[in-house]
Amino acid sequence: MSTNQFLIKTVAETMVSKIIRDIKTGTNRSLRNSIDLGLYFSKGPIQKEFFGLAKSIAHNSNNMYLPLIKRAFESVDERIIKTVGLNLGISSFTIGAKQIKELYDIGKEPQMWLQILDDDILEDTSVFKDRLQNFKSCGIYTFAIDNIYDDDKIRNVIAIASLSKESTFFLNIKMNYLSDDILTELKTSKNIIIFIAQNKEEINRDIFYSLRKSKLLYGFCKYYNDFKNMESEEVYLKEMISLGCLFGVYIDTPDTFNDYEHIRYEKICNSRITGKLPIILYDFYRDCNFIQEAMLHKKHLIEE
């Protein structure tokens, strides 16, 4: 990490600590002042748009974002929120975004800002260690790991996450139970966000209860074609909110792409803009591509 990057992260850590105190004490005026300060010091377009959006949210008492943020600090380990926030905000969307844009400007095809890690990396963590410097030189500080079915793979992810503490790891777990030992180990890793993927419309509530009890940062992951119709999906979403999910990720499959998924994505985007839901929803592939385009200054974070 260069001296300039170190200074940026140090200032950001101070600001985040202050924002956290403001949120926990309920001093909205102080929170708005902190956001104004962040907007003032923003450099890249993503940062400026993010703090601009945050400012509009903080001044709108009718949206669900402020209650959502306060709920997050009540239910999730503060250190996890702080680490993930800094890793995404500074490592990925500041340092990484700058590197990705610089590669693009000199005519190179930049890699995607979020990389899905292959099974060979999970089976041998030394492979990730060997590739880590190359990832960083390409501006990649965010990773996703899919299809986690057993404790051994979770432990491998924890080991990988410890090799790059300034990175963020999205872990998609397809299990109905997590042992106390695994939950404890996950809690030691402050840079992992957990997504629970369960078959079709079935819900195993115990795993969500255990995640909430352990104060981990978690959400749900579903394929669009898991739902019979829009109504069944709305019922599922309400249940996920009641189980403490702060995030929800939807995934489409190319062979089942249809008008329903277009409609669903429009609703996802609308829910984020209006802040009417106490949960943040994403479309994995569309939003990953959209953020990449924003890093290349081809799109704005919020499009009219």
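Observations
- A simple packing score, the average count of other Cβ atoms within 10 Å per residue, orders the peptides 265-277, 183-195 as 183-195, 265-277, with the highest score first.
- Local electrostatic count, Lys55, Cβ distance below 9 Å [Lys/Arg +1, Asp/Glu -1]: 0
- Around Ser179: net Lys/Arg minus Asp/Glu count, Cβ-Cβ under 15 Å: -3
- Placing unit charges on the Cβ atoms of the charged side chains and taking the dipole of the chain about its Cα centre, the candidate lying farthest along the positive direction among Thr142, Pro278, His59 is His59.
- Label sites at Asn289 and Asp36, each approximated as a point 7 angstrom past Cα along Cα to Cβ, lie 4.0 nm apart.
- Separation of alpha-carbon centers, segment 112-167 and segment 189-217, rounded to whole Å: 20 Å
- Farthest toward positive dipole pole in the chain [+1 Lys/Arg, -1 Asp/Glu at C-beta], among Gly96, Leu246, Ile81: Ile81
- When each of Arg264, Arg286 is scored by the number of other beta-carbon atoms lying within 10 Å, the sequence from fewest to most is Arg286, Arg264.
- Measure of compaction for segment 51-107 (Cα Rg per 2.2 N^0.38 Å): 1.51
- Kyte-Doolittle mean at least 0.0 and Cα axial length at least 24 Å: DSSP H helices in the chain: 3-25
- Gyration tensor (alpha-carbon) shape descriptor, the chain, a/c threshold 1.5: rounded
- Between Asn270 and Asp130, full extension at 0.36 nm per residue minus the direct alpha carbon distance yields a gain of 46.3 nm.
- Estimated dipole of the chain in Debye, rounded to 20 [Cβ of Lys and Arg +1, of Asp and Glu -1, Cα centre]: 1660 debye
- Greater than 22 Å apart at Cα, pairs in Lys165/Lys187; Lys165/Lys276; Lys190/Lys276; Lys101/Lys190; Lys129/Lys165: Lys165/Lys276; Lys190/Lys276; Lys101/Lys190
- If you run the Gaussian network model on the chain, springs between alpha carbon atoms under 10 Å, then out of Asp146, Asp181, Asp252 the most flexible one is Asp181.
Laboratory data are not the source of any read-out in this text; all were calculated from the coordinates shown. Not measured: the values here are computed from a predicted model. Cβ: placed from backbone, ideal geometry, glycine included. Neighbour counts: every protein chain shown.
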